[in-house]
Structures are given as structure tokens and as C-alpha cells.
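**Student:** I'd like to ask you about the structure that follows.
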Amino acid sequence: MYVCVCNGVTERDIRQAAAGGCGGMTELTMRTGCGATCGSCVPMACELLDEAQREAARQAHDNVLSFRQISNAA
């Protein structure tokens, strides 16, 4: 789905930017051009970026292994 018609930015582009560490709307605009022309896409782009950042953080957390601690006490 196109989010920014003016600059041809899709939902997938926004999700890829978030996965690549995009920190916010300003950076998203610099990376993709989203929101740089008329700005009507900014609310939806912010919402999608926030959602994608939460998903990326959740996936990063799921990739962490937890180990049970073993006591060294004799």
C-alpha cells in the first residue's frame, strides 16, 4: 500500500526503514522522502513507523536466549 503518493513510499519501505534502525519521522523523511512534499501522509507514516519499531524490538527480544543461573555455592 502506498503511504506517500507524492514520493512513492510504501508501507513496506517504512517497515524496512524501521528494521534498518530508522529513529523517527525526520529520519524516515531523509531516507525515503516520505512527508517531504505535501505532508498529508505524515500521521499514517508515524503510526506505521511506531508499529514497525515495536515489532522490530519485539523480534530482537525474541532472539535473545535466556540461561538459568547455576549457583557456585558449595
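The values are calculated or read from the model by the stated rules, or taken from the named source; none is laboratory data. Owing to the predicted nature of the structure, the values given are computational and were not obtained by experimental measurement. Ideal geometry is used to build each Cβ from the backbone, glycine not excepted, and the neighbour counts take in all protein chains shown.
**Student:** I'd like to check something: does the range 58-65 contain any residue that is of a type in the set (S, T, N, Q), buried (at least 17 other Cβ atoms within 10 Å of the Cβ) and in a loop (DSSP other than H, G, I, E, B)? Don't jump to the end; show me each part of the working.
**Tutor:** Step one: list which residues in the range 58-65 are of a type in the set (S, T, N, Q), which gives 59, 63.
Right, trim to buried (at least 17 other Cβ atoms within 10 Å of the Cβ) and you get none.
No, the range 58-65 contains no residue that is of a type in the set (S, T, N, Q), buried (at least 17 other Cβ atoms within 10 Å of the Cβ) and in a loop (DSSP other than H, G, I, E, B).
**Student:** Still on this structure, please answer the following. List the residue pairs whose Cβ atoms are under 8 Å apart, where the first residue sits in the range 25-37 and is free of Cβ contacts under 8 Å to residues at least 12 places away in the same chain, the second is crowded, with 16+ Cβ neighbours inside 10 Å and not hydrophobic (A, V, I, L, M, F, W, C), and the two are 6 or more positions apart or on different chains.
**Tutor:** From the range 25-37, the pairs are THR29/GLY35.
**Student:** If ARG12 meets every condition in (1) basic (Lys, Arg); (2) more than 11 Å from the chain's Cα centre (by Cα); (3) at pLDDT 95 or above apart from one, which number is that one?
**Tutor:** (2)
**Student:** Which number in (1) assigned to a helix (DSSP H, G or I); (2) at pLDDT below 95 marks the one condition that PRO43 misses?
**Tutor:** Condition (2) is where PRO43 drops out.
**Student:** While we're here: Quick check on my filter: what residues within the range 1-24 are of a type in the set (A, V, I, L, M, F, W, C) and either closer than 24 Å to HIS61 by Cβ or touching a residue at least 60 places away in the same chain (Cβ under 8 Å) (or both)? Working first, answer last.
**Tutor:** First, the residues of the range 1-24 that are of a type in the set (A, V, I, L, M, F, W, C): 1, 3-6, 9, 14, 17-19, 22.
Residues satisfying the conditions are ILE14, ALA17, ALA18, ALA19, CYS22.
**Student:** Scan the range 15-40 residue by residue and report those that are modelled with pLDDT of 95 or more and not small (Gly, Ala, Ser).
**Tutor:** Across the range 15-40, the qualifying residues are MET25, THR26, GLU27, LEU28, THR29, MET30, ARG31, THR32, CYS34, THR37, CYS38.
**Student:** Working only within the range 18-36, note down all residues that are surrounded by 13 or more Cβ atoms within 10 Å (Cβ to Cβ) and part of a loop (DSSP other than H, G, I, E, B).
**Tutor:** CYS22, GLY33, CYS34, GLY35, ALA36
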